[in-house]
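> Mind having a look at this structure? Questions to follow.
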Amino acid sequence: MDFELSNVGVAFTLTLIAGLSTGIGSAIAFFAKRTNTNFLAISLGFSAGVMVYVSLVEILQEGMAALSRDCGSTAGHWYAILSFFGGILVIMIIDKLVPSFENPHEIRSVESMQEAPQIHNKGLARMGLMSALAIGIHNFPEGIATFTAGLGSPEIAIPLTVAIAIHNIPEGIAVSVPIYYATGNKKKAFILSFLSGLSEPVGAIIAFVMIYFFTGLSESVIGILFSSVAGIMVFISLDELLPAAEKYGKHHQAIMGLVAGMLVMAVSLALFN
């Protein structure tokens, strides 16, 4: 599988944008008067639809094609399947290692920010910092996913970046709220929330190193990476985005967003192809 060097800058820039969108969530928490739950539910469902469709229809297929060229059709398909579920296993382990009370996907609202008493103690401050760390851990594989997809298929890079960015907005709220609870300092909460998204471009750098230092030996590395990324994105969509969408809104709103995301991605791919 050949990659254009010119795509590296675009893919990395899009990954940076997606990662730092946690700052948008933090800004919403500070300046919005209330959470628009209907819009957020549909948006999260939309992100899930984009990520599921592009993972199964485009990214996994790219991985299978690369592995098939290098290992043969039958073996390539099996390796792609193993890599797909291997990616799911990796993100499941990451989720398992993050304590539930510090998990960044706990639903928080703008209203809770406004109602929160500012309690200045080291225990709450530590919990806020651990929340930021948890966001970083979760966002690392997402950075690999965004960069890899953008590098291999530039035509899907922008909608995928939008999907990841929408996904990161509630995470920004989840980081900024506990830090603000602990310190009463909006600036500190915003900066830590903003910086927690930097693990995504770090993931992009790791993906770049893997691709450009190992692809000369075999296309298998690319195929395994693509297939694993597809698994990671599907798991994130089903385990995080859809449940979050339903908690913010209603079941049907989440599903409407899911279908809309799939439709937009399908039409985009058809137009580019």
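> Quick one: which of 185-193, 67-75, 13-21 comes out on top by average Cβ neighbours within 10 Å, and what's the full order, highest first?
The densest-packed peptide leads the list: 13-21, 185-193, 67-75.
> Ranked by Cβ crowding within 10 angstrom, fewest neighbours first, how are 26, 268 ordered?
Lowest count first: 268, 26.
No value in this document is a laboratory result; all are computed from the given coordinates. Predicted model only: the values in this text are computed from it and were never measured. Ideal geometry is used to build each Cβ from the backbone, glycine not excepted, and the neighbour counts take in all protein chains shown.
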